[in-house]
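Q: What follows is a structure written as structure tokens; I'll ask about it next.
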Amino acid sequence: MTPADLTRTVVRAVRCAVADGELPEGAAVPQRVVVERTRPGGVGEYATPVAFQVAKAAVGASPVDVARVLAARLGLEAGIERVEVTGAGFLNFVLGESAVAGLVADTAVRGRRYAEVAAGVPLPAGELREQAVRAAARRIRIAQGGASGSAPFGVAPVARKDGDVVGAYGIDAALWAVLRMPAHETPSFGPWLLRQDESSEFFRVRYGHDRARALVRNAALLGFAPEAGPVGADADALLSVLRDHPLALEAAAHRRAPERLARHLVELADALLGFQYGVLPLGDEKPSAAHRARLALAEAAGAVLAGGLALLGIDAPDCL
């Protein structure tokens, strides 16, 4: 279960509780429900303040009363291991291990769909920075199910002193430089864009995709293919970033901020590059269900990296 799935599940729980009369008169389903990562020291993996929204319109109900009603319903949902009410009415969720296979399968599909969306959005007219930012913002918005148009917003151009940045660094590196920071800030360029090592965020993102594809190819040579399933505790960091991917895209779309997607891709690549060493069998070890599941997770992460780069208008080569 992804945060987007969890959001829909919470909305459905509110709707059903209202329809069944479990919530007081006046209670209504909010237009937008916010689900976010639990802050340090909190309970579970995700939390939502939806009970405060519902209680505001309900007659004689406190947020904690609403939260308890919703917790009883949500605790029965597949993929949710536990729901706890904390504070004055926050709902906190712990997702079950059974949700991992669904997350991996859904993530892979999303990554491929983002690449398809990106292919249908050409660059608009204008200066390079303006073209790149507006096109990326539009792709991200469409990928989130939004309209293709948007209100105008300011975009700082490439400084004249930087000259022909495409000629100096190549189109993909130039696009990364102009999209990695907020639109109102002037982008910076330098030799760091061309470094082929882990000191470069741009290299790590594309290399992460390359490693995911290489793992799938090497697994095929060993006679096994990806198959979603339990992956083990050492995959928690990668799973956490993948679960947050819909939230990162939603924020990027809502704020017209492609740099939020770029930052998330760096986090995802770093988590994947740390996870990759336990994917394939070592020595005389035979491929197992755990290897197939870990390969599926790595493949899904690679699909998201490719799709995310495509939304930014950047190529994701299979070999670096």
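Residues are listed down the side, and each one gets a yes or a no for (1) among the aliphatic types (A, V, I, L, M); (2) outside any helix (DSSP H, G or I):
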{"position": "Phe224", "(1), (2)": "no, yes"}
{"position": "Ala252", "(1), (2)": "yes, no"}
{"position": "Gly302", "(1), (2)": "no, no"}
{"position": "Leu309", "(1), (2)": "yes, no"}
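Q: Would you call Gln144 touching a residue at least 40 places away in the same chain (Cβ under 8 Å) and surrounded by fewer than 19 Cβ atoms within 10 Å (Cβ to Cβ)?
A: Considered against the rule, which asks whether it is touching a residue at least 40 places away in the same chain (Cβ under 8 Å) and surrounded by fewer than 19 Cβ atoms within 10 Å (Cβ to Cβ), Gln144 comes out as yes.
Q: So which residues in segment 215-231 are surrounded by fewer than 18 Cβ atoms within 10 Å (Cβ to Cβ), over 18 Å from Thr107 (Cα atoms) and in contact (Cβ under 8 Å) with a residue 40 or more places away in the chain, if there are any at all?
A: Result: Asn218, Leu222, Gly223, Phe224.
Q: Among the residues of segment 37-62, which ones are touching a strand residue (DSSP E or B) at 6+ places or on another chain (Cβ under 8 Å) and at pLDDT 85 or above?
A: The answer is Tyr46, Ala47, Thr48, Pro49, Val50, Ala51.
Q: Quick check on segment 257-274. Is at least one of its residues surrounded by fewer than 17 Cβ atoms within 10 Å (Cβ to Cβ), outside any helix (DSSP H, G or I), touching a helix residue (DSSP H, G or I) at 6+ places or on another chain (Cβ under 8 Å) and in the same structural domain as Leu312 (by TED's automatic domain parsing)?
A: The answer is no, given that none of the residues of segment 257-274 is surrounded by fewer than 17 Cβ atoms within 10 Å (Cβ to Cβ), outside any helix (DSSP H, G or I), touching a helix residue (DSSP H, G or I) at 6+ places or on another chain (Cβ under 8 Å) and in the same structural domain as Leu312 (by TED's automatic domain parsing).
Q: Can I ask one more? So for segment 235-242 (the condition being within 19 Å of Ala115 (Cα to Cα), of a type in the set (Ser, Thr, Tyr) and in a helix (DSSP H, G or I)), does at least one residue qualify?
A: The answer is no; no qualifying residue exists.
Q: Related question: Glu285 versus (1) charged (D, E, K, R); (2) in a loop (DSSP other than H, G, I, E, B); (3) under 22 Å from Asp210 (Cα atoms); (4) without any contact (Cβ under 8 Å) to a residue 60 or more places away in the chain: which is the lone unmet condition?
A: (3)
The values are calculated or read from the model by the stated rules, or taken from the named source; none is laboratory data. Computed from a prediction, not measured in an experiment: that's the story for all the values here. All Cβ positions, even for glycine, are placed from backbone atoms using ideal geometry, and neighbour counts span all protein chains on display.
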